[in-house]
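Each value in this text was obtained by applying a stated rule to the coordinates, not by laboratory testing. Here the structure is a predicted model, which means the values were calculated and not measured. Positions of Cβ are backbone-derived with ideal geometry, glycine not excepted, and every protein chain shown enters the neighbour counts.
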């Protein structure tokens, strides 16, 4: 057993010493799985990017906003240390959740929800500069190496514990080791975020904006956290505390761009140019936001109606979707939701199931589950229908998915009960 531990330690040392890559921004070395070529980095992004549209309700349709902001992203990329590496691509995602992120290969995203919350063009540049920073620093590649070493550290602790105690079961030391490895990974994640914050400052200053505009974004997130009661202590967060990031941004400006302190707003872009294009984009979004808020509320109500099996709330959700479509006729989300409601109303009452028309019920519930992939109700009733039809394997797959989606809910409990009855009690 001890020779296994020694070999593992030697292997870890070999990895730490022999597998180093270089950060393109600051030329520092970092642990990696092996150098990733530019071609591989682009292929990684190309493979992952198509999933993002589906995860965030597709692309927000505003050609004027996409064109203007996309041109700003291309200008920003021209200041990048990796300017020639990628065909940089910018997308506004049609989600109300405030978020922005980047994918290897030069894919840069912001959600409609976050864009609507921004106040100034300089703030947008700082946010997007932060995301470009993740790509520039190759943070995804760095994370792959950290995840590997974290797994090795936990495995070594478990091996050592087993060697000493001759116990096959994981004990306190490995549990503490796992927690320590997670904190190790969290610390590095926070370091990456702070690195990218500095890139946001860099881009804003390089393009003539006030880099202090970046602090408005973190003040906004701070308000959201306080309103939700979700503020956490810093050392258990993947992101630094917002107030600390604000302090760090001011410190970065003071160190790298002291000449910008005290300058009047009118001396910064876009104010000095009299350009209000960004303000017009935000105003257009602001006028549409109440409609999207109604859509989000109706979608939540629709999911609950499907879970609770009540027809009235479903009809109310349909009425809300129709109001949304009347307000913004060219928004595909609203028309998709209307179609989903009509389909759900058709199959919702479970009449066919209760009348014994299980084949048709199964087909309708399967289609409903495709339209509502995160709702457990259609899947649960699809499983019941499959059981009645003698399609036990399909029923088991449906119930296991219900358990994943509704781990603590009533449908999850019912699905586990059905799995036990079918002899598949592991439930996943």
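Determine the relative contact order of region 78-124: mean sequence separation of Cα pairs under 8 Å and six or more apart, normalised by residue count, in whole percent.
33 percent
Quick check: convex hull over the Cα atoms of region 53-127, volume per residue in Å³, rounded to an integer?
In region 53-127, the Cα hull volume divided by residue count equals 88 Å³.
What is the distance in Å between the Cα centres of region 242-309 and region 192-212?
That distance is 16 Å.
Using the eigenvalues of the Cα gyration tensor, what equivalent ellipsoid semi-axes result for region 288-421 when each is taken as the square root of five times the eigenvalue, whole Å, largest first?
Semi-axes (√(5λ), whole Å): 29, 15, 11.
Peptides 84-95, 50-61: what's the order by average Cβ count within 10 Å, highest mean first?
84-95, 50-61
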